[in-house]
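First up is the structure itself, then whatever we jot down about it.
The values are calculated or read from the model by the stated rules, or taken from the named source; none is laboratory data. Keep in mind that what you see is a predicted model, and the values were worked out from it rather than measured. Here the Cβ is made from the backbone with ideal geometry for all residues, glycine too, and neighbour counts use every protein chain on show. Note: areas computed on protein heavy atoms with side chains; ligands, DNA, RNA excluded. Shrake-Rupley method; radii C 1.70, N 1.55, O 1.52, S 1.80 Å.
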Amino acid sequence: MNAYRRLCRALPAWVVLLVVGVLAGGVNAWLVALNPPAPRVHDEFSYLLSADTFLEGRLTNPTHAHWPHFETMHVIHQPSYASKYPPGQGLLLAAGKALTGWSMAGVCFATGLAAAACVWMLRVWMPMRWAVVGGLLVAFHAGIQLQWGMSYWGGALAMAAGAAVVGGAARLARPNGPLLTSAIAYAMGALTLAVTRPFEGCLLVVGSAVIVAWGWLRADQMPRRRAVTRVVAPAAFLGAAGGAGLLGYNATVTGDPLRMPYQVHEQDYGATPLFVWQAPTADHEYRHDPLRRYHLAASMWWHHQQQTFDGFVTLKAWLTRCSLEFFLPAPIALATLAIGWSRRRRLWPWLLLGIGVWGASLGAVWMFPHYLAPIAPLLLLAVVAGLRSFRTLERRLPSRRRWITPSLVMLQTLIFAFAAYDRAKAPREGWAYTRQALTAELVKMPGQDLVFVHYAPNHNVHDEWVYNRADIDAAPVVWARELGGSADEALRDYFHDRRVWVLHADEQPKRLVPYEAPSSGDIAGAPGELASG
């Protein structure tokens, strides 16, 4: 322990941050290499579309001439073809693939960045040796590594941004703190949250600014001119530059700088409101039954469950429990019990801020762990502060009984090790791996392919096959929904140089058969079917 303390004191801070970040990112990369994930959730495909668009050198894509065949969840086709989500996660995946040829490299980088950012944040309140413990808890956290780190929708990037906001604001709240670097970190974190988790990020950014303002007001001597030149001016410059970029992105995708792609998607497809007190939208006409059932049944279920007091409390309690189990496995959850013994009052405004953001998030219809990623660093702060309090209490005991704190950390590491082993050995089964394998088989064949996807009436709307590349015409495999008759014939004629297949997605095993043109009678009746949706 003494050697560890001396090492943390001797190494430059940037070296410590680099080591922790490389360790966390390296663990993520190792797990991905052992059992590479396949995208399966709608959001993942949407983020991959965003990444592919950026890799094509565009911010969005032109609407395809036959776009009704390609409609799918979380994607817009009018006025352009793009993901509905802000561009942050897509940029991360694009950067990973551009630099390494591997989209998941961006996720691994974000995991390492989150661990390093949390160490930097924790240094506001505690010595480096304890801040490093926090970084190691991120590096060996089952949820962060095995769920966020093994998916394309992530969460680590928003967590890193949250750590930058909290760490920067906590330093700014001290008049004698490093103003310029803290302001830059705060502004960059805020911009990253704007392009990853805008709602929860806005709550965190505003709450942090309130704490900073309160700290300045209470200070006996506040260098106001220095604050303006080294805090307000650089933060405003970065905010204006980032805001202009985001407005430009919106204008390119939607035609209106003040209209986000998310808003366009909700206008065209969304029926479930964002907040529990809002009324659903039921006037959409869907061309495809899976989209209709997804928006009017699967998604709407969450809203309906929260329209009574008992239903709201029951569902939010369950979602909160799931989030706490994700962020706070049993060993480190025990550490938070000791936070009450902490005499470090400077912690409490920030812990209360985390509780406040969580409380405000209860008003949203959905509340999953990756939605709360911006306040994950504050949960980590509570854990490490609790471990430190346990250690303080242990000093009153004989040396041979000072085992509580090390045991909690070791138990957390063991839980991660067993979970990582299970994930590495998990069979590559399920429709997502089947889709990935079938795509690979088609790509290996000479020429290009068009696949019409046929769904049974009882199709699981969460198993969606119809997702495509940013440049649909150049994709080796194009996935299309069946519209019937002349509409399908028109698409086949458009892709006249491709092999054409029909995938029976709900048969076991999946059945891919050559496409057969309908009879002339079938073709004649098809336009009415397409128009009726």
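Annotations
- Segment 29-125, relative contact order [Cα under 8 Å, separation at least 6], %: 24
- Here the dipole of the chain is about 4560 debye; that uses its Cα centre as origin and unit charges on the Cβ of Lys and Arg (positive) and Asp and Glu (negative).
- Between helix 309-327 and the chain: long-axis angle, C-alpha atoms, 0 to 90°, nearest 10: 70
- Loop-located GluC sites (Glu not before Pro) across segment 410-503 with a Cβ neighbour count of 12 or fewer within 10 Å are GLU429, with loop assigned by DSSP.
- Angle in degrees between helix 233-254 and the longest Cα principal axis of the chain, rounded to the nearest 10: 10
- Solvent-accessible area assigned to carbon and sulfur over the chain amounts to 63 percent, based on a 1.4 Å probe.
- Longest segment of the chain lacking trypsin sites (Lys or Arg not before Pro) that sit in a DSSP loop with at most 13 other Cβ atoms within 10 Å: 1-342
- Considering only THR53, ALA105, LEU18, the residue lying farthest towards the positive end of the dipole of the chain is LEU18, judged by Cα position with unit charges set on Cβ.
- Dipole magnitude for segment 13-87: computed about the Cα centre from +1 point charges on Lys and Arg Cβ and -1 point charges on Asp and Glu Cβ, it is near 80 debye.
- Per-pair calculated FRET efficiency, R0 = 25 Å: LEU411 and LEU352 via Cβ, rounded to 0.05: 0.30
- Computed from the Cβ-Cβ distance with R0 of 45 Å, the FRET efficiency linking THR229 to PHE199 stands at 0.90.
- Helix 404-425 axis, angle to the chain major axis (alpha carbon atoms, nearest 10°): 20
- Per residue, in Å², the accessible surface of the chain once ligands and nucleic acids are set aside, probe 1.4 Å: 46
- Contact order relative to length of segment 97-212, as percent, for alpha carbon pairs under 8 angstrom and 6 or more apart: 24
- FRET efficiency, 1/(1 + (r/R0)^6) with R0 60 Å, evaluated for ALA65 and LEU337 via beta carbons: 0.45
- Positive-end extreme of charge dipole, the chain - chosen from ALA156, ALA330, LEU179 (charges on Cβ): LEU179
- Length-normalised contact order of the chain in % [C-alpha pairs under 8 Å, at least 6 apart]: 17
- 222 nm mean residue ellipticity, helices alone, for the chain (DSSP H n ≥ 4; -39,500 (n - 2.57); rounded to 500): -18500 deg cm²/dmol
- Positive-end residue, the chain charge dipole about Cα centroid, Cβ charges, pick of THR314, ALA385, LEU438: ALA385
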